[in-house]
Amino acid sequence: MRELLGRPRLLERLGERLARDEASHAYLCSGPRSIGKHTLALRIAQTLLCEASRAPGGCGRCLACRKIEHGTHPDVRVIEKPADRERISIEQVREMERDLVLRPLEGRWRVVILDDAADLSADARHSILKTLEEPPSHAVLVIVTRTPQGIEETIVSRCQPIALRPVSTERIRGFVQERTGQASLASLVAPLAQGRPGLALTLASDAQERERRLAMLDELFALVGARLIDRFGWANRAAQEAAKDRAVVEERLTLWLALLRDACVASAAVAPLHPDRAEQTSRLARLAGLRQLAPAAELVIRLRDDLDRNSNARTALELLMLRLPYLAEFARAA
Ligand SMILES: [Zn+2]
């Protein structure tokens, strides 16, 4: 049986139902960025259309499975926001719907993967709802989203929900060790992956990506020891970066949040999320104290959510720079 990284049972349960021909006409796969939602959507399509087996996730080797993996199966359509556009347009949805009513060309089903539903324009949403109300008998829609709370209840209520949650660091550690046979590497990358098994594997094999994230951790300590003028310089660069790719800034904020959390609980003998930075976080805790650290952590959470809502990233980042505790000791260390 094929598995979804770190989640053996999820696909198994789903596969059993699909194998009994209890396919739902619509699924809603939700969860944070890079958690494996798109992969899950592909596995659903492979379970439905595999020519060699009825195993959960398909066989992964037959022509149908390989075509789905490579995006060339004529009965599987992926709808995404074009790179140069703000939204998934009504034209994209209409074209899909014209296709969807036709009989499948190669398999028994036509599968549409809609990624991400939050990108749908208002009229595209309306059109999707129509399809969900009366789907063709051979149609399966897999709707992917990071923010199910932003999708209309009328759409959500017509889908079978599948929520992908972050996998625990401990499980990721075990899983990377199993795959790579390297315990120290597994311990290093597990906390950096923040619950995403796929990312953990990437980090295990890609030293450059790994170093980039370790540098993001150290950036927080450097900023704690930096004067305002340097902090604003940083905020300026980060805002420019966010304009190009919000995910990078979001990634950094999530790593920082884990460090601030470690600092907040340092005196409570709770295991740190980043053991290899425990010396710095307990120093941060000792020198800054909860009264400064807790509001900074809260601000990071708010800032990360705001990035998603397209608010003014620069102002938010500058605000964080003003609220971050200043500790001269970290300036010497940096
Ligand atoms: Zn197959």
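Only the coordinates and a few stated rules stand behind these numbers; no lab work does. Source: prediction; values computed, not measured. With ideal geometry, Cβ positions are generated from the backbone for all residues, glycine too; neighbour counts draw on all protein chains shown.
Here is how the numbers come out for the structure above:
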{"read-out": "Estimated inter-spin distance, ARG302 and GLU134, nm [label 7 Å along Cα→Cβ]", "value": "4.9"}
{"read-out": "Principal axis box of the stretch 114-244, alpha-carbon based, largest edge first, Å", "value": "57, 45, 20"}
{"read-out": "Rounded Å value of the spacing that divides the Cα centres of the stretch 102-139 and the stretch 150-217", "value": "29"}
{"read-out": "Fraction of alpha-carbon pairs over 36 Å apart in the chain - percent", "value": "30"}
{"read-out": "Mean ellipticity per residue at 222 nm, deg cm²/dmol - from DSSP H runs of n ≥ 4 across the chain, formula -39500 (n - 2.57)", "value": "-18000 deg cm²/dmol"}
{"read-out": "Sequence-distant residues sharing a close amide H with TYR27 (under 5 Å, placed H)", "value": "LEU141, VAL142, ILE143, GLN160"}
{"read-out": "Estimated FRET transfer efficiency when R0 is 30 angstrom, pair LEU319-ARG33 (beta carbons, to 0.05)", "value": "0.85"}
{"read-out": "Interchain or long-range residues, amide H under 5 Å from TRP109's placed H", "value": "none"}
{"read-out": "Estimated FRET transfer efficiency (SER267, SER184; beta-carbon r; R0 30 Å; 0.05)", "value": "0.60"}
{"read-out": "P(r) of the stretch 194-334 over all Cα-Cα pairs, binned every 10 Å from zero, in whole percent", "value": "12, 42, 37, 10"}
{"read-out": "Virtual spin-label span in nm between GLU97 and ALA328, 7 Å along Cα→Cβ", "value": "6.7"}
{"read-out": "Degrees separating the helix 207-224 axis from the principal Cα axis of the chain, which is the longest one", "value": "40"}
{"read-out": "Charged-residue dipole, Cβ positions (Lys, Arg, Asp, Glu), the chain about Cα centre, Debye nearest 20", "value": "540"}
